[in-house]
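Before any comments, here is the structure.
Readers should treat all values here as calculations from the given coordinates under stated rules, not as data from a laboratory. Every value quoted in this text rests on a predicted model; they were computed, and no experiment measured them. When we count neighbours, we look across all protein chains shown, and the Cβ atoms used for this are built from the backbone with ideal geometry, even at glycine.
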Amino acid sequence: MHDFMEYCLHTYFRATGWNDDNHYSNLSSTSRSLLNFSIPYGFSFQFSKIPTSLFKSSYSLQAIPALQGSVGYLFTSRPLHINAADAAEFSELAERIFVFSRGTTRKIPAEQERGETVTSAVKDYLLYGQLYLPSGRLEGIYSKRISENEQFVLTGVSSPNQPGTSHLTAQYQYDNGRRCNEISYTTYKSIFGLRTLWNVGQLIEAPQVPGEEKIKKTSRLSVGGELYYIAKEKSGGLSTGIRYRSFDERPFIATVICNPMMGHLTGGYTQAVSEDLTLCSRYDFNVYSYESDLAVGAEWRVKGEGVMKTKFSVKDGFALMFDGQYRKVHFTFGVTADIRSQSPLRSIGLQIQYCS
């Protein structure tokens, strides 16, 4: 489930025409969205506020099993016109399957009616911070568009109760739609990273002539890799991956990611059976330890603004989550279980979000 701040962050990048799905780190984001969904634990409540189109705030409180909470604030240079009733949108898996193609002249839907183009996004920036209590953990993000195809992102984590884990990560990102390159540096262990992703084939060409049918390709291939070096440990690593999308009547996504140094291989397949049902499977295998895991899951959109997700993993067991919404209130119920254990029920939780 996406909480309010995650929703606002995603909305900001879409509003500025930046496609985060084009990053190598998000190569398998579709299968992660369906198989790695977060289950609420205990009982928690979140209250979100939209004072202005530039400023957003969010407050959360978990009462069971332990009392803890968080306070978050977000400021964007570009107005984000978020409707409180729509801010609790809980599933974006369909958007990740029908992901848009970012071009230099493409108009985003929210701004198309106002006649604005993505060229106005050059001066945009974002500031975000969230404080967790009582641990005192602080997370922050600063994002600045350098040009139409370039972006700088600075993220930081401060954990006073966990010495040595606080760090800053600086990223330079270049994305022209066809190719996305990322250069990063993390102060934790002095990690240098380089990622790249190449796309073959366009999804939807723009702008389009009124009255004409959309120009659409039936498939798209993405190939990428990652190279990193840990200065303090004088070691490094690499990985490579490939993603294939089909945009037929029933679109699907197939991904394979390999880390040869760690001996890890993972493959995923996601199929949109219908507009309301999506199925996914993923297989992980390590050639050195022979450890493996098979996970299968499904997402079903229930009519009347509701989404049900279910997953079964040989390693992690069974998980079920239901997202529902009533006006400005969004609620999530989840349960995890291990049928091989004498006490199958692992956890159960309920989270309620309210936005005004």
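Please say if the range 230-308 is rounded, prolate or oblate, where rounded means a/c under 1.5 for a ≥ b ≥ c the square roots of the C-alpha gyration tensor eigenvalues, and otherwise the choice is prolate for a/b larger than b/c and oblate otherwise? Prolate, since a/c reaches 1.5 and a/b exceeds b/c. Looking at the range 249-356, the chymotrypsin sites (Phe, Trp or Tyr not before Pro) that sit in a DSSP loop and have at most 14 other Cβ atoms within 10 Å of their own Cβ are 288, 290. Between the amide H of residue 135 and any residue lying 5 or more places away or on another chain, no distance stays under 5 Å, with hydrogens modeled in the peptide plane. Fully extending the segment from residue 61 to residue 290 would add 78.3 nm, taking 0.36 nm per residue of separation and subtracting the current Cα-Cα distance.
With R₀ fixed at 41 Å, the C-beta to C-beta distance from residue 162 to residue 219 puts the FRET efficiency at about 0.35.
Extending 7 Å from the Cα toward the beta-carbon at both residue 38 and residue 326 defines two label points whose distance is 2.5 nm. Across the range 231-239, computed HN-Hα scalar couplings (Karplus, 6.51 cos²θ - 1.76 cosθ + 1.60, θ = phi - 60°) run 5, 5, 9, 6, 9, x, x, 8, 8 Hz from first to last residue, x flagging Gly and Pro.
Net length available on complete extension from residue 271 to residue 172 is 32.3 nm, with 0.36 nm assigned per residue and the Cα-Cα distance removed.
Can you give the extra length, in nm with one decimal, that the chain gains between residue 340 and residue 318 once fully stretched, where that is 0.36 nm per residue apart less the Cα-Cα distance?
Full-extension gain reported as 6.9 nm.
Taken one residue at a time, the phi angles of the range 339-347 give Karplus couplings (6.51, -1.76, 1.60, θ = phi - 60°) of 5, 7, 8, 5, 10, x, 6, 8, 8 Hz. Gly and Pro are set to x. Computed from backbone phi, the HN-Hα couplings of the range 303-308 come to 5, x, 6, x, 9, 10 Hz, rounded to whole numbers (Karplus: 6.51 cos²θ - 1.76 cosθ + 1.60, θ = phi - 60°; Gly and Pro given as x). In the structure shown, the pairs 144/328; 56/232; 56/311; 303/328; 189/311; 56/123 are assessed against 28 Å; a Cα-Cα span above that value is assigned to 144/328; 56/232; 56/311; 189/311.
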